[in-house]
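A short write-up of the structure that comes next.
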Amino acid sequence: MAKKIKRIAYVRCRGGSVSCTYGCIGCGMCAEACRLGAISVGENSIAAVDTKKCVGCGLCAKACPQGIIDIVGKGFNIQPACSNKDAGKAARDVCINSCIACRLCEKNCPADAVHVTDNRAVIDPDKCICCGMCAVKCPRGVIRDLHGIMTD
């Protein structure tokens, strides 16, 4: 029998500006949908997931009007925290935490798991070996280690 992978919700936004039309709008619909109280909207108006409570049911992801909540494998700890699809300067102008599509993550991934798509980093979980090289090389801190081992 195959081992079931535990899953959790992940919010692809760290916040930084209300003028980013792709990020979290702090509406709280995700928190309302969560039956376990595992997601809340913090003081910075960004949804945050309590990974100890989250069971990965996906209700928050379905409720998110921005579509920025993903359900990921709990062991898949390297994630980009940006949904902005604007390029370079336009992305920087609307959010201090945005991906600028510099491709350093892509160039430094030994598993060819990271690719810039729609001007933002996207990680293929089937290829990713969770080495963290993309997170270490990201000049804007967009790609994060969810456990905080390799990134702040």
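Of note:
- Answer residue from the stretch 60-86, given it is among the charged types (D, E, K, R) and not in a loop (DSSP other than H, G, I, E, B) and is modelled with the highest pLDDT among those: 62
- Number of the exception - residue 51 against (1) farther than 20 Å from residue 20 by Cβ; (2) more than 16 Å from the chain's Cα centre (by Cα): (2)
- Unmet criterion (only one of (1) at pLDDT below 95; (2) among the aliphatic types (A, V, I, L, M); (3) more than 16 Å from the chain's Cα centre (by Cα)) for residue 111: (1)
- Any hit, the stretch 102-113, residues being exposed (fewer than 14 other Cβ atoms within 10 Å of the Cβ), closer than 15 Å to residue 12 by Cα and not polar (S, T, N, Q): no
- Check on residue 48, of a type in the set (A, V, I, L, M, F, W, C) and modelled with pLDDT of 95 or more: no
- Residue match in the stretch 36-48 (condition: exposed (fewer than 14 other Cβ atoms within 10 Å of the Cβ), of a type outside the set (Ser, Thr, Tyr), part of a loop (DSSP other than H, G, I, E, B) and in contact (Cβ under 8 Å) with a residue 24 or more places away in the chain): yes
- Top-ranked residue in the stretch 61-101 [being over 13 Å from the mean Cα position of the chain (by Cα) and among the acidic types (Asp, Glu); ranked as surrounded by the fewest Cβ atoms within 10 Å (Cβ to Cβ)]: 93
- Within the stretch 7-35, the only residue that satisfies the criterion of being touching a Ser or Thr at 6+ places or on another chain (Cβ under 7 Å), more than 24 Å from residue 123 (Cβ to Cβ) and either outside any loop (DSSP other than H, G, I, E, B) or modelled with pLDDT of 95 or more (or both) is 31.
- Among residues of the stretch 107-140, those that are of a type in the set (D, E, K, R) and out of contact with any helix residue (DSSP H, G or I) (no Cβ under 9 Å at 6 or more places or on another chain), counted: 4
The values are calculated or read from the model by the stated rules, or taken from the named source; none is laboratory data. All of these numbers come straight from a predicted model, not from anything done at the bench. All Cβ positions, glycine included, derive from the backbone under ideal geometry; neighbour counts span all protein chains shown.
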